[in-house]
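A.B. asks: Sharing a structure here in structure tokens format.
Derivation of every value follows stated rules applied to the coordinates shown; laboratory data play no part. Computed from a prediction, not measured in an experiment: that's the story for all the values here. No Cβ is skipped: glycine too gets one built from the backbone with ideal geometry, and neighbour counts run over all protein chains shown.
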Amino acid sequence: MTSRSEPRLADAAEIAAEQGLTSARISQFSTGRTKNAAGQAFPEPVGKRGRARLWDHAEVMEWFAHRAPARLTEHVPPSLDPQTLLNAADASRYLGYKNPNQVTTFVRDHPGYFPEPDVVEEKGTAENPYRRQLWKVETLKAWMATRPGRGRRAGAKQAPPLPEASVDGDPDELLGASQAAALLGYKSLSSFSSSLSQGNLPLLQTTDGVAENAGRQNGRRRWTRRRILEQAAQRSRK
């Protein structure tokens, strides 16, 4: 167990997930010693986990707290009725992203980072079904107000806690991303998801199944407890 005197360390993927950025962007901040609005250079790495650089989490959060406002934080969305439903492409534009696929990317690659759709429509045919996801304007506005990367503010929503996951259960039981994140020691689902998408969890690139009869979770990736624990053991050795 980490002592109180030891700083929490985080790699680029974990920092990126918390700030709503990419690992490449964090690396750019570090390599260029980018300065924030207070004139502070991005902190130097303090160690490594395998090939991944590690930073003092508290120092990085302090740097981001004084970061100059980004373009997205200055974006003013169009005036729409709060109950208006927008698809993923329209939601991306409403939020100020230049890439119309940004929301789709969030939902696919960063579970837990972006809000669940308010409406899911089953479309297509029995041979070629697809799902249309829609978000209310009021849902998007609420997310904008607490979007990671804007700094901590009183009243800001915190990421939901990860569920408890036991290492002693059935090794062949299929577990979801939130349980995998807990077993691997991540602080949030978004940190786990970002690390997975960056290739930092090679044993989990292969899935053991998908969720069925689970409502909005249908089709989500699942791994056996055995595979997750093998990845946890490999990660601890780095």
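A.B. asks: Report relative contact order for segment 7-117 in percent, whole number only (criteria: Cα-Cα under 8 Å, sequence separation at least 6).
C.D. replies: Relative contact order for segment 7-117 comes out at 19 percent.
A.B. asks: Here is a follow-up. On a 31 Å Cα-Cα criterion, which of the cross-link pairs K35/K136; K48/K98; K98/K123; K35/K187 come out too long?
C.D. replies: Those over the limit are K35/K136; K48/K98.
A.B. asks: For the pair R220 and D81, what calculated FRET efficiency results from E = 1/(1 + (r/R0)^6), where r is the Cβ-Cβ distance and R0 = 30 Å, to the nearest 0.05?
C.D. replies: Working from the Cβ atoms, E equals 0.45.
A.B. asks: Spelling out what I want: for every residue of segment 36-45, take phi, set θ = phi - 60°, compute 6.51 cos²θ - 1.76 cosθ + 1.60 (Karplus), and round to whole Hz; glycine and proline get x.
C.D. replies: 8, 5, 8, x, 8, 6, 4, x, 6, x
A.B. asks: Output ³J(HN,Hα) for segment 170-176: one whole-Hz value per residue in order, computed from phi by the Karplus curve 6.51 cos²θ - 1.76 cosθ + 1.60 with θ = phi - 60°, and x for Gly and Pro.
C.D. replies: So the Karplus estimates, Gly and Pro as x, are 4, x, 9, 5, 7, 10, x Hz.
A.B. asks: Further, regarding this structure: Would you compute, for the Cα atoms of segment 8-109, the largest minus smallest coordinate along each principal axis and list the three values in descending order, in whole Å?
C.D. replies: The Cα atoms of segment 8-109 stretch 48, 31, 21 Å along the principal axes, largest first.
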